[in-house]
Structures are given as C-alpha cells and as structure tokens.
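Visitor: One structure, as structure tokens, below. Some questions next.
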Amino acid sequence: MDERAAGVPVRYYSALVAYDGTDYHGFQVQRNASSVQGALEATLDAFTHRASRVVGAGRTDAGVHALGQVIAVRLGWAHTAADLQRAWNAHLPPAITVRCVVEAPDDFHPRFSALSRTYRYTVRNAGSEDWRTLPRRSPLTDRFALFEGRPLDEAVMEEAARHLVGTHDFATFGQPPEPGDGTVRTVLAARWDVTDEALGLYPGRQLVFTITANAFLRQMVRNIVGTLLAVGRGEWRVADVANALAARRRNRSAPPAAPQGLVLEKVTYPHWLDGLIHGNSSTDIQLPQGTEVV
C-alpha cells in the first residue's frame, strides 16, 4: 500500500530505546536468530500493517544491554509521536521499551550523526581469597553484571585505563564494523568507579567502568575490560596495556569480558536531538513541547 496515496503522512522518527539483551543475538537483524532490531520492526509491522526498517546507532553484541540506544524509522503514521511510543510499547516484549519518540530532521542518522557513544561495564567483585567457595549465581544481578570473586586492584586498573584516552589505533582491541574500515578511534574518557554495597549473595563491592569515544570497534569495550581486569588481578602490568595498544595486533589483547556486564548508556549528538538522550536537567537542550521520556 502507498501510504501517501492512502492519506497517511510519512514521517521520520527517532526513538530512544532501552533493552535487556540477555535473550537476543545482538541488536542487528540476523537470519534465524532473535534480535532487538527484529523485535522493533516486527512489532511496528503488527500495528501499522506496513513493513518498516529500523536503523540503530550501535550494533550491540549478543547479550549486551542498552539504556540509550538511538534508532530512526521512516513510517506512515497518522497520530502523534507520543501515540506511536505508547502503541509500540504495548506490542513490544517486556525486555524492550521505547523511552521516547520524536520527529527527526531528514538529514539525521543515528549512527553517522553521532558525536560520541558511552558504554559502562559492571563488575560484582567479592574480593575474597576464598572466592571459589562463594555462590556463583545471584538471580538479582547476574543478567547485568560480571561476577569476579578474586581481589581486584582498582588503582592499577584506573592507571591502566588512562593509557587508552586519546586518539589511537585500537586494532589490538577490536575489529572494524565493516571490512576495510579503519581502526583508529578517539577515547574521550575512561574511568573506574567503586561502590561498596550489599550485593545479595555476593559480599563485596561493585566496580563500574565507563568509557566514552567518538566510535567503537566490534567488541572493543569487552576486550578492553577483559584486559583491565587482568591488570587488576595482577596477571598484567600497567605497562603491558600500553605495549598491547602499540602492537596493534588482535592477539595481544586479554580475553574479552563476558557480555552481560555491558550497557550502551548513551549516544550524543550535536543538535537538539541530544536532549532526547539525556531527558533531564543535565543538558540545556530542550525537548520539543509534549515529548515524553520514560
């Protein structure tokens, strides 16, 4: 059906999406595998009765979550953006929610218009020499954090993370999204934060690694976290991280950290749409009147 011929206006929308990626094979549509993009498109098709193509800012891997994934879709829709948000959420599975929908400029692209992306990785650290005797499952935390029973030295992990800040060739820590693409990226910030708290079955604390860059390679954050954890356990020295980065060889990275601790936290843009990502007083960019953020 031609939407214009039917009198249904075709508009370009952008949406802020959060999801629990545990049961999905990543964001991007894959043949014979469940994906977040596939779920978003299938539910749109269900209530609009038209095939739609969703484009995302980041191709999160299998098991990786998002708080601030940004998507765009061109859609024939006769109602408000807020109505679209409500209808979409009514059809989506519980693991995915559309936090906000706005009309976007025609030249906006979730991936190519972005200035930076921020990821965070959560580690539940028991910090015990007797970590092998601790329970290995915690139903309230295991979907969203990595359990590390061994002691971690956060000071040397923080020192090692500083070697990553700046413009470098990160070929050691990831692969380009497309064959032939470059591997140079600019890391704007990389830090560890530590919170002492009760962790259910796990005594100890929570360590959160936050990293912001202009863009990331495939599995770059997980490889970096795996390497920094090796430093924290005393298996690597701080200098080894700098040497591995300079080597620009994939086999110089430590094994990647597991996917469940990783969250795409936000994507930043240069225009008013950036307010959609923050949705609070942390930005002076104002959302269009009537925009809902959940």
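The values are calculated or read from the model by the stated rules, or taken from the named source; none is laboratory data. Predicted model only: the values in this text are computed from it and were never measured. Please note: Cβ atoms are built from the backbone with ideal geometry, for glycine as well, and neighbour counts cover all protein chains shown.
Visitor: Would you confirm whether any residue within the range 131-138 is modelled with pLDDT under 75, under 18 Å from residue 233 (Cα atoms) and part of a loop (DSSP other than H, G, I, E, B)?
Guide: yes
Visitor: From 198, 246, which residue is among the small types (Gly, Ala, Ser), modelled with pLDDT under 95 and either surrounded by fewer than 20 Cβ atoms within 10 Å (Cβ to Cβ) or out of contact with any Phe, Trp or Tyr (no Cβ under 8 Å at 6 or more places or on another chain) (or both)?
Guide: Only one candidate qualifies: 198.
Visitor: Can you pull out every residue in the range 16-35 that is assigned to a loop (DSSP other than H, G, I, E, B) and in contact (Cβ under 8 Å) with a residue 60 or more places away in the chain?
Guide: Scanning the range 16-35 gives 20, 21, 22, 23, 24.
Visitor: Looking at the range 84-122, which of the residues that are assigned to a helix (DSSP H, G or I) and among the aliphatic types (A, V, I, L, M) is surrounded by the fewest Cβ atoms within 10 Å (Cβ to Cβ)?
Guide: The qualifying residue surrounded by the fewest Cβ atoms within 10 Å (Cβ to Cβ) is 90.
Visitor: Of all residues in the range 174-189, how many are closer than 18 Å to residue 256 by Cα and among the hydroxyl-bearing types (Ser, Thr, Tyr)?
Guide: Looking only at that region, the number is 1.
Visitor: Now, a different point. Here are the criteria: (1) modelled with pLDDT of 95 or more; (2) under 23 Å from residue 121 (Cα atoms); (3) touching a helix residue (DSSP H, G or I) at 6+ places or on another chain (Cβ under 7 Å). Tell me which single one residue 266 does not satisfy.
Guide: (1)
Visitor: Here is a follow-up. Suppose we filter 97, 183 for residues that are touching a residue at least 40 places away in the same chain (Cβ under 8 Å), closer than 30 Å to residue 10 by Cβ and of a type in the set (Ser, Thr, Tyr); which single one remains?
Guide: 97
Visitor: Does residue 72 satisfy being part of a strand (DSSP E or B), within 25 Å of residue 212 (Cα to Cα), modelled with pLDDT of 95 or more and in contact with an Asp or Glu (Cβ under 9 Å, 6 or more places away or on another chain)?
Guide: no
Visitor: Which residue out of 42, 81 is over 27 Å from residue 217 (Cα atoms), of a type outside the set (S, T, N, Q) and in contact (Cβ under 8 Å) with a residue 24 or more places away in the chain?
Guide: Result of the check over 42, 81: 81.
Visitor: Select from the range 36-54 the residues that are touching a helix residue (DSSP H, G or I) at 6+ places or on another chain (Cβ under 9 Å), in a loop (DSSP other than H, G, I, E, B) and either not β-branched (Val, Ile, Thr) or not assigned by TED's automatic domain parsing to the domain that holds residue 97 (or both) and list them in ascending order.
Guide: Residues satisfying the conditions are 50, 51, 52, 53.
Visitor: Within 22 Å of residue 259 (Cα to Cα) and of a type in the set (Lys, Arg): which single residue out of 59, 53 fits that description?
Guide: 59
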